[in-house]
Each structure stands twice: as structure tokens, then as C-alpha cells.
Amino acid sequence: MDAALELKQIHKIFEAGTVNENHVLKGIDFTVQKGDFITVIGGNGAGKSTFLNSIAGSFPVDEGTILLDGQDITHTPAYERAAHISRVFQDAKMGTATRLTIEENLAVAWNRGKKRRFAWGIKEAQRKVFKEELEKLDLGLEDRLKMEVGLLSGGQRQALTLLMATLVDPKLLLLDEHTAALDPKTSQMVLDLTDRIVQEKQLTTLMITHNMEHAIQYGNRLIMMNNGQIVVDVSGDEKQQLTVPDLLALFKQNSGNAVMEDALLLS
Ligand SMILES: Nc1ncnc2c1ncn2[C@@H]1O[C@H](COP(=O)(O)OP(=O)(O)OP(=O)(O)O)[C@@H](O)[C@H]1O
Ligand SMILES: [Mg+2]
């Protein structure tokens, strides 16, 4: 199998050399195979978001190498990485442009990574694809192409964000608690949609979640982070057989923390 992503000895230190120095990623070695769907769990402040941000290039890492599809992207700026790496965040507002219509947003996504953007106006062929893709969401959005995205509900907007993130197959899909702000039913809808898209397109995916059941249920591999390191890495049958109590036990074992954090327990 080919590696989609390789991280070698990644370190990230915020505010180095000041009193606020914070060594957040402590030598991460991590290889992701093409088509892996990996769930990422860990307590608050464990470094999960920083881990994903490092991959996306939100800031330079202090040490280490990042290879995407065999290419060294360690020093590639975020906007160039964005041609191949799609992200969805907790806040649905971050993935879409409020004042643009659904079809305008989709047109932006359609052009991601393309060098020439000749499309002034949306062509009928393109609109047809947008409609087909929106129909798959089963939210009735295919009849509302001209509607401003700001008028959508949080769940509808997050479903659209997900569609935009995957309209052009990314080499890597990064999801940072992308359903955490939604009510349970809507969260489930967006998760099911996520799973469907990831399976259909065989997308290499990293999904941070605070929900242990989701971490077990989705994906083929699960990692747990603690204090800037990957402390648990399970896949295949071993992952399939995991239970929530198993994960809680693993967390306690690896965090040296007998008290389970609320954020993990309550979600
Ligand atoms: N841009 C930044 N500048 C300074 N410190 C940061 C920055 N981003 C994250 N940190 C710090 O890095 C540490 C890890 O944060 P991170 O957001 O990666 O944790 P997390 O595992 O995603 O936690 P949560 O579950 O709460 O989202 C925290 O101490 C945080 O304050
Ligand atoms: Mg986070």
C-alpha cells in the first residue's frame, strides 16, 4: 500500500523562548495509508487540532518532515496545500461564504486547485453536477441553488461544507470535530453523510471527535493523543472489537490520569 501522508518527528512549540512556551507536538511519527479513515481522540489540549493544523500548514512546524503523497510539503504554504487537503471545522460558518448562493459556493469548491479559473458565471453542465451532488444529501437543497448560504441551518450548512470539501477529491480530508456544534440528530446525519462520502470516494481521512462511540464506529483505524504524542494506535479487527470502556481504560492508562475528563465522558 502507498502512504498518503507521512509525518516524521514533528515538533510544534508555540511562543518558543517566552514564559508562555508550549511544546504541543512532541516528536510525532505517523504514517497514513491511502484510503485510511482514522478517528482521532484525546483530552482537551492534547494537541489534536494542532496536529491537523500542522498537516494543513496553518503554521510552520519547528522540526520534522511532512510528506503528502510522497512529496515534501513541510515548507509549502497552507494555500498551496489547500489544493489537495480539504478541511471541515466545528463552526459551519468557516467552510462556506455566507453572502454567496449555494451554487456560487459550490463553484468556488469546483475550482479548488485549478490553475485557471475561467468560469465567470456557472455553466449549465456544472449546475447539473451540483444538483446531482446536492440530491445525494437528501436535504432538498438541489431546489435552492440560488439561495444564500447564510440562510441555511447549521446542519444544512455543514452538509454543504462537507460536499464542498469533497466535490473535487482531496488527497486528504481533515475533520476537526465537524459535528460537535450540531444537535444529536443533525450530528448523526452529517456523520452518516461523512461516512458515505469517504467510503464512496475512498478518501484518506482524519476525523477528530470527542465522542468515543463515534471514534469506534467510524473508520478503520483509531489514534489517541495525549500530551502531544500519539499514545494509542489501533486498526483492523482490534479496532472493530473496541468498546467504550476499553477506550476509557486505555485513556486512563496512557494519560496517567485517573479522573476521566468531562469532555470525553459526557459526549
Ligand atoms: N495558535 C496557537 N498559539 C498558541 N498556542 C496554541 C495555538 N493553538 C493551540 N495552542 C495550544 O496548544 C495546546 C493544544 O491545543 P489543541 O487545540 O491542539 O488541543 P486539542 O487536543 O485540539 O484540544 P480540544 O479537544 O480542546 O480541541 C493548547 O495548550 C493550546 O492552548
Ligand atoms: Mg481541538
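The values are calculated or read from the model by the stated rules, or taken from the named source; none is laboratory data. A quick note: this is a predicted structure, and the numbers were derived from the prediction, not measured. Cβ placement follows ideal geometry from the backbone for every residue including glycine, while neighbour counts extend to all protein chains displayed. The protein model used for the area step is the full one, side chains on, heavy atoms only, and it has no ligands, DNA or RNA in it. Shrake-Rupley method; radii C 1.70, N 1.55, O 1.52, S 1.80 Å.
Does Pro77 fit the bill of being within 16 Å of ligand 1 (Cβ to nearest atom), over 17 Å from the mean Cα position of the chain (by Cα) and without any contact (Cβ under 8 Å) to a residue 24 or more places away in the chain?
No.
Which of (1) in contact (Cβ under 8 Å) with a residue 40 or more places away in the chain; (2) under 24 Å from Leu5 (Cα atoms); (3) in contact with a helix residue (DSSP H, G or I) (Cβ under 9 Å, 6 or more places away or on another chain) is the odd one out, the single condition Gly57 does not satisfy?
All conditions are met except number (1).
So which of Ile102, Ile122, Ile55 is closer than 30 Å to Glu21 by Cβ and of a type outside the set (D, E, K, R)?
Ile55
Mind checking whether some residue in region 186-202 is assigned to a strand (DSSP E or B), closer than 28 Å to Leu68 by Cβ and away from ligand 2 (no atom under 16 Å from the Cβ)? Show your work before the answer.
Going residue by residue through region 186-202, those that are assigned to a strand (DSSP E or B) are none.
Taking every residue of region 186-202 in turn, none turns out to be assigned to a strand (DSSP E or B), closer than 28 Å to Leu68 by Cβ and away from ligand 2 (no atom under 16 Å from the Cβ).
Search region 169-195 for residues that are within 22 Å of Leu106 (Cβ to Cβ) and away from ligand 1 (no atom under 16 Å from the Cβ) and pair each with any residue that is open to solvent by 40 Å² or more (accessible area, probe 1.4 Å) and at pLDDT 95 or above when their beta-carbon atoms are under 7 Å apart and the residues are at least 6 apart or on different chains.
From region 169-195, the pairs are Asp169/Lys201; Pro170/His84; Lys171/Asp69; Lys171/His84; Leu172/His84.
When you look at Ala125, is it part of a helix (DSSP H, G or I), open to solvent by 40 Å² or more (accessible area, probe 1.4 Å) and among the aliphatic types (A, V, I, L, M), yes or no?
Judged against the criteria, Ala125 is a match.
Quick test for you: out of Asn20, Asn53, pick the one residue that is open to solvent by less than 40 Å² (accessible area, probe 1.4 Å) and either in contact with a strand residue (DSSP E or B) (Cβ under 9 Å, 6 or more places away or on another chain) or in a helix (DSSP H, G or I) (or both).
On inspection, the qualifying residue turns out to be Asn53.
Scan region 56-67 for residues that are in contact with a strand residue (DSSP E or B) (Cβ under 6 Å, 6 or more places away or on another chain) and either within 13 Å of ligand 1 (Cβ to nearest atom) or open to solvent by less than 40 Å² (accessible area, probe 1.4 Å) (or both) and report the count.
Matching residues across region 56-67 total 6.
Test Glu213 against the stated conditions and say whether it is open to solvent by 30 Å² or more (accessible area, probe 1.4 Å), over 24 Å from Gln158 (Cβ atoms) and either modelled with pLDDT of 95 or more or part of a helix (DSSP H, G or I) (or both).
Answer is no for this residue.
Against the condition more than 30 Å from Leu222 (Cα to Cα) and either surrounded by 14 or more Cβ atoms within 10 Å (Cβ to Cβ) or within 16 Å of ligand 1 (Cβ to nearest atom) (or both), how does Val108 come out, does it pass?
Yes, satisfied.
With Gln33, Gln90 as the choices, which residue is more than 15 Å from ligand 1 (Cβ to nearest atom), touching a residue at least 24 places away in the same chain (Cβ under 8 Å) and surrounded by 14 or more Cβ atoms within 10 Å (Cβ to Cβ)?
Being more than 15 Å from ligand 1 (Cβ to nearest atom), touching a residue at least 24 places away in the same chain (Cβ under 8 Å) and surrounded by 14 or more Cβ atoms within 10 Å (Cβ to Cβ) holds for just one of Gln33, Gln90, which is Gln33.
Based on what the data block shows, is Asp169 in contact with a helix residue (DSSP H, G or I) (Cβ under 8 Å, 6 or more places away or on another chain), at pLDDT 95 or above, open to solvent by less than 60 Å² (accessible area, probe 1.4 Å) and acidic (Asp, Glu)?
Spelling it out, it is not the case that Asp169 is in contact with a helix residue (DSSP H, G or I) (Cβ under 8 Å, 6 or more places away or on another chain), at pLDDT 95 or above, open to solvent by less than 60 Å² (accessible area, probe 1.4 Å) and acidic (Asp, Glu).
So which of Glu6, Glu15, Glu21 is of a type in the set (Asp, Glu) and more than 16 Å from ligand 1 (Cβ to nearest atom)?
Going through Glu6, Glu15, Glu21 in turn, just one is of a type in the set (Asp, Glu) and more than 16 Å from ligand 1 (Cβ to nearest atom): Glu6.
In this structure, does Asn44 turn out to be within 16 Å of ligand 2 (Cβ to nearest atom), open to solvent by 10 Å² or more (accessible area, probe 1.4 Å) and modelled with pLDDT under 95?
Yes.
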